[in-house]
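Some notes on the structure that comes next.
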Amino acid sequence: MRLDEIEESSNVEDRRGSIPRGGMVAGGGIGGVVLAIIVALLGGDPQQVLDASKTMQGGAPQSREQAQPIDDEAKRFVSKVLKETEDVWTEIFRENGMTYQKPKLVVFAERVETGCGIADSGVGPFYCPADNQVYIDPTFYETMEKQLGAGGDFAQAYVVAHEVGHHVQNLLGTSDKVNAARRRLSETEFNKLSVRMELQADFYAGVWAKRAGKLKIDRGDIEEAMNAATQIGDDTLQKRGQGYVEPEKFTHGTAAQRVNWFMKGFKSGDIRDGDTFNARNL
């Protein structure tokens, strides 16, 4: 993958200079790596995790403390990947008679205040539908590489592309339908719906990869993405974390399903082929 010919997006906000104090630390209770990947990779709906923080905050103003500076190379990387998603999705929406609304990507360190509440780095990269923004602490990429064996620049780009996929779902009204269904479904049934939503975001990431010509993606890049999808499949994570698999608790899909839908998107390049909600076989 090559980023040298790509400009940086102007829709990146760097909040690494300050950290909100107080509120919920959205990451306690499950344990670092597993929560980071399950919620973050890719996406999930942080609203479920973060809604509780609003109650705990009680509406009080949040004081802020200074964060340690982080190498700007990480910011440049996500800025360029975001720019390529902007170009690709603007064209796809135009082809389908729509106008793409670009999301903002917020780079943060340790903790961040969002439209969905206060989150810490434990939740990993996520998309907040309440403010149409993607959030990422770049140190998460170290977790991917060192603890999950999912390194590589294109694996990192896949993270951003998946989160932008959730933004696309929000623009198309898919997110609203899924959130409305949450109120009438059991936890097990909603988990199944969540899997279909996550797999569609993987499909959209594949569509982006297919059409991101400026990146000069090669076979090795796709292998990185498939490896990342494998390492963050629900079955892989459960086996790693507890030694056995509980399919009724899947929320993102198995390793095979995630690879399958990413590759479907990459081979197709057409968003109309990504209806995971009506697919008989995932």
### Task
Report the one residue of Thr251, Leu237, Ala201 whose Cα lies farthest in the direction of the positive end of the charge dipole of region 184-268 (charges on C-beta: Lys and Arg +1, Asp and Glu -1; origin at the Cα centre).
Ala201
### Task
Please work out the Cα center distance from region 91-126 to region 257-279, rounded to the nearest Å.
22 Å
### Query
Using r as the Cβ-Cβ distance of Asn281 and Asn11, and R0 as 45 Å, what FRET efficiency do you calculate, to the nearest 0.05?
0.75
### Query
Which length gain, in nm to one decimal place, applies between Asp273 and Asp4 when the Cα-Cα distance is subtracted from 0.36 nm times their residue separation?
93.7 nm
### Query
What list of ³J(HN,Hα) values in whole Hz, one per residue of region 256-267 in order, does the Karplus curve 6.51 cos²θ - 1.76 cosθ + 1.60 (θ = phi - 60°) give from phi, with Gly and Pro shown as x?
5, 5, 5, 4, 4, 6, 4, 5, 4, x, 5, 6
### Dipole magnitude (debye, nearest 20) for region 66-202, charges at Cβ of Lys, Arg, Asp, Glu
540 debye
### Task
Using R₀ = 30 Å, calculate the FRET efficiency as 1/(1 + (r/R₀)^6) where r is the Cβ-Cβ separation of Asp131 and Met98; round to 0.05.
0.90
### Query
Under a point-charge model restricted to the Cβ atoms of Lys and Arg (+1) and Asp and Glu (-1), what is the dipole moment magnitude of region 169-282 relative to its Cα centre, in debye to the nearest 20?
280 debye
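Readers should treat all values here as calculations from the given coordinates under stated rules, not as data from a laboratory. Just so we're clear, the structure is a prediction, and the values are computed from it rather than from any experiment. Because the Cβ atoms are built from the backbone with ideal geometry, glycine has one as well, and the counts that use them run over all protein chains shown.
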